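Q: Next up is a structure, given as structure tokens.
The values are calculated or read from the model by the stated rules, or taken from the named source; none is laboratory data. Predicted model, so just to flag it, every value in this text is computed and none were measured. Here the Cβ positions follow ideal geometry from the backbone for every residue, glycine too, while neighbour counts run over all protein chains shown.
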């Protein structure tokens, strides 16, 4: 079975294809990394970003268009993409200038 099929079958929530701007907020340094949200569900997302070397295992994901923030942890990394699972409730993003 292909890896993508395996990952699809292991998902709890059905993902919808989207193209949203995302912001990865690093927990310890309060730095921000830009990304694109490519797939999204209630339980996780597929993110596309350039250099992943600065992205830790856990972070906050903000989607400025809807003003939401989610806690996320990396499940897989491939090329310029990350698969993340959400932990905790969706909440309002802090009123910062992105």
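Q: Can you tell me which of (1) touching a residue at least 12 places away in the same chain (Cβ under 8 Å); (2) in a loop (DSSP other than H, G, I, E, B) is the one residue 62 doesn't meet?
A: Every listed condition holds for residue 62 apart from (2).
Q: Can I ask one more? Here is a list: 54, 89, 72. Which entry is surrounded by 12 or more Cβ atoms within 10 Å (Cβ to Cβ) and not in a loop (DSSP other than H, G, I, E, B)?
A: Testing whether each residue is surrounded by 12 or more Cβ atoms within 10 Å (Cβ to Cβ) and not in a loop (DSSP other than H, G, I, E, B) leaves just 72.
Q: So which residues in the range 54-98 are under 16 Å from residue 30 (Cα atoms) and at pLDDT below 90?
A: Scanning the range 54-98 gives 54, 94, 95, 96, 97, 98.
Q: Filter the range 57-69 down to residues that are touching a strand residue (DSSP E or B) at 6+ places or on another chain (Cβ under 7 Å) and within 18 Å of residue 17 (Cα to Cα) and give me whichever is surrounded by the fewest Cβ atoms within 10 Å (Cβ to Cβ). Show your work before the answer.
A: Step one: list which residues in the range 57-69 are touching a strand residue (DSSP E or B) at 6+ places or on another chain (Cβ under 7 Å), which gives 57-65, 67-69.
Retained after the next criterion (residues that are within 18 Å of residue 17 (Cα to Cα)): 61-65, 68.
On the way: 61: 23, 62: 22, 63: 20, 64: 14, 65: 11, 68: 13.
Ranking the candidates gives 65 first.
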